[in-house]
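Data first, discussion second: the structure below is written as structure tokens.
Read the figures in this text as sums done on the coordinates, not as results from a lab. Treat the numbers as computed from the prediction; the structure is a model and nothing was measured. Every residue, glycine among them, receives a Cβ derived from its backbone with ideal geometry; neighbour counts consider all protein chains shown.
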Amino acid sequence: MLEKTFYKMMLSKSFPFPVKVTYWDGKSEVYGNGTPEIEIVFNEKIPMSDITRNASLALGEGYMDKKIEIYGDIQN
């Protein structure tokens, strides 16, 4: 539960446009107002310690390892 709260706080402030996030438990949240422009799917949890140590590396490796899938253009 703490990990999901951490993810929610981080992701709700990470993009200047609406984003849909689907978590490893199948539940989804939309952050921002309006129709989501991208969707991020977490197939697995990435440990908070990895993210706090180096978020770019942890999320990049998660993407390469298919722990995270991204649909849409995050560089919008």
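Annotations
- A full extension of the chain between F6 and E61 corresponds to an added length of 17.9 nm, given 0.36 nm per residue minus the alpha carbon distance.
- By DSSP, the beta bridges lying fully in the chain are antiparallel in about 65 percent of cases.
- Between K13 and Y71, the modelled label-to-label distance comes to 2.8 nm, taking each label 7 Å out from Cα in the direction of the beta carbon.
- For E37, nonlocal amide neighbours, meaning residues 5 or more places apart or on other chains whose placed amide H falls under 5 Å from its own, are V19, K20.
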